[in-house]
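The values are calculated or read from the model by the stated rules, or taken from the named source; none is laboratory data. Bear in mind that the values here come from a model prediction, so they are computed numbers and not experimental data. As a convention, Cβ positions derive from the backbone with ideal geometry for all residues, glycine included, and neighbour counts pool all protein chains shown.
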Amino acid sequence: MIMDVPTSVEFHTAGLNQLYLAWEIAMRTVREFDGAMEASAGEESAPPEYWQRVQPALANAFSLIQQGMELALKGRIADVSPFLLVGRDPRDWPRGVDSGDVSFGEFHTLNASDLVKVHNSVITPRFDEPFKDFWEQVRQDRNRIMLSTSRPSFEAGDVVRTILTAIEALYHDMPWPQRLLAFEGDGKFTVFGFVDDVRNNVMREVDDAQKLLTTAEKKRFFGIDSKRHAYVCPKCYYDANRDWQDDWPRLAQLVTKTPGETGLRCIVCATTTTVDRDDCSYARCPGNVLFEDLCLTCMRSQCDNLDVPSALVDNCLGPEHRYEFVFGQGSQAWGGDYISRQHRLLDDDRAKDYAALALANPHLARWETVSIFHKQTGVFPLRSADDRAVGYWLRDGGHLHWYGSASAYQPERDGPV
Ligand SMILES: [Zn+2]
Ligand SMILES: [Zn+2]
């Protein structure tokens, strides 16, 4: 009797594991490469030499892809009958299978080169010519790597592209980013109250991978439209560990090109989030996709609570009483964050008092300066070169210093606000 006959699901799972291992190898080489480039910042490092050094690892990855594909093909055939996989000639079968128990693993199974032929003979839809060519290419490359001393030179991008093509053909029941989340056990530890970095890692891997692809491949494998803006997915952001990461991959795009579109779909978690379409409050940020208090372009809070209730403000006053308050933070040499609010007040003295009052508010403690402009009429809502700088307050420890007729915020240097 033939014992331990594997199921289609077992082949499928084993094949996926091989592809995941190949993926991990490719991603590790990319990370190490990026790390080496950062370490040698400014210097002309030698990427070709680096890729030469990692050839054995990438060759190994290629071999894993070939095995992963072979297992997927065998799994599909086993779904019809696992016995199609053992040689058709009983003279090749292990000795004693008719008189005792012999494990399936001891059988010589179909050659990799025959798998597509057998598959297409018993299963529809058949694999098409492009797939046959791809499979043939992977097998040939793998054999060349294994048998030849003059190995073809692979880069991580070749491995990533081959993995994604194999997945598209053989493991398309779940998109690869979500499969990665499942592999890495996203959320596994959070139920126990621990923070884990799974989401951070998968976001980074998908981002690293898509950067290695062409525009057409980005679209084909991940659905990324390179001609359109991409944003940080708020769900991934809040599911990630935010203790150490400042720079977030932008892997979500609006679902249509319609102006005002509010559906934002993420390729990592496959969630469509409803966003707000308002301009980011910060100078120099072109973003207009917000989620609650967060700009999904610059990832800064909008600080909507800038407004400080005060009897000094009287919005019933005429347009000649318009003042603009530009709150600023950060070293001016490096530029800084600026955010602006307009109110109507009786005169300069009231505006100056109001700005000081605002800075004294605990929830505005992070702002270091407030520049006050008296708005000129007839140019609303644009800033006018004729706006008069009333002066600015500078926070210095617990004290406020007043600089009359000047402005901490410089539109030419700091950009629009
Ligand atoms: Zn997401
Ligand atoms: Zn922004």
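Number of residues in the stretch 250-259 that are under 24 Å from Phe221 (Cα atoms), more than 16 Å from ligand 2 (Cβ to nearest atom) and either assigned to a loop (DSSP other than H, G, I, E, B) or aromatic (Phe, Trp, Tyr) (or both): the value is 5. Here the stretch 345-355 is the region considered, the condition is being surrounded by 19 or more Cβ atoms within 10 Å (Cβ to Cβ) and without any contact (Cβ under 8 Å) to a residue 40 or more places away in the chain, and the residue that is nearest to the chain's Cα centre (by Cα) is Ala355.
For the criterion of being of a type in the set (S, T, N, Q), modelled with pLDDT of 95 or more and within 16 Å of ligand 1 (Cβ to nearest atom), Thr273 passes.
Looking at the stretch 227-240, which of its residues are away from ligand 2 (no atom under 16 Å from the Cβ) and either surrounded by 14 or more Cβ atoms within 10 Å (Cβ to Cβ) or at positive phi (or both)?
Lys235, Cys236, Asp239, Ala240
Conditions (1) within 30 Å of Phe291 (Cα to Cα); (2) within 16 Å of ligand 1 (Cβ to nearest atom); (3) at pLDDT 85 or above, marked per residue:
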site	(1), (2), (3)
His119	no, no, yes
Thr124	no, no, yes
Asp141	no, no, no
Glu155	no, no, no
Leu181	yes, yes, yes
Asp186	yes, yes, no
Phe189	yes, no, no
Arg204	yes, yes, yes
Asp225	yes, no, yes
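Specify the residue that is farthest from Val326 (Cα to Cα); the eligible residues are those in the stretch 263-287 that are in contact with a Lys or Arg (Cβ under 6 Å, 6 or more places away or on another chain) and either surrounded by fewer than 18 Cβ atoms within 10 Å (Cβ to Cβ) or acidic (Asp, Glu) (or both). Checked the stretch 263-287; the qualifying residue farthest from Val326 (Cα to Cα) is Thr271. The residues of the stretch 276-300 that are within 15 Å of ligand 1 (Cβ to nearest atom), in contact (Cβ under 8 Å) with a residue 60 or more places away in the chain and farther than 23 Å from Lys219 by Cβ, listed by number, are Leu294, Met299. Filtering the stretch 260-294 to residues that are of a type outside the set (Asp, Glu), part of a strand (DSSP E or B) and within 13 Å of ligand 2 (Cβ to nearest atom) leaves Leu290, Phe291, Leu294. What about Ala360, is it more than 21 Å from Pro319 (Cα to Cα) and either modelled with pLDDT under 95 or among the hydrophobic types (A, V, I, L, M, F, W, C) (or both)? When the stated conditions are applied, Ala360 passes them. Is it fair to say Val86 is more than 26 Å from Glu168 (Cα to Cα) and of a type in the set (A, V, I, L, M)? The answer is yes for Val86.
In the stretch 249-262, the qualifying residues are those that are away from ligand 1 (no atom under 13 Å from the Cβ) and not charged (D, E, K, R), and the one that is surrounded by the fewest Cβ atoms within 10 Å (Cβ to Cβ) is Pro259.
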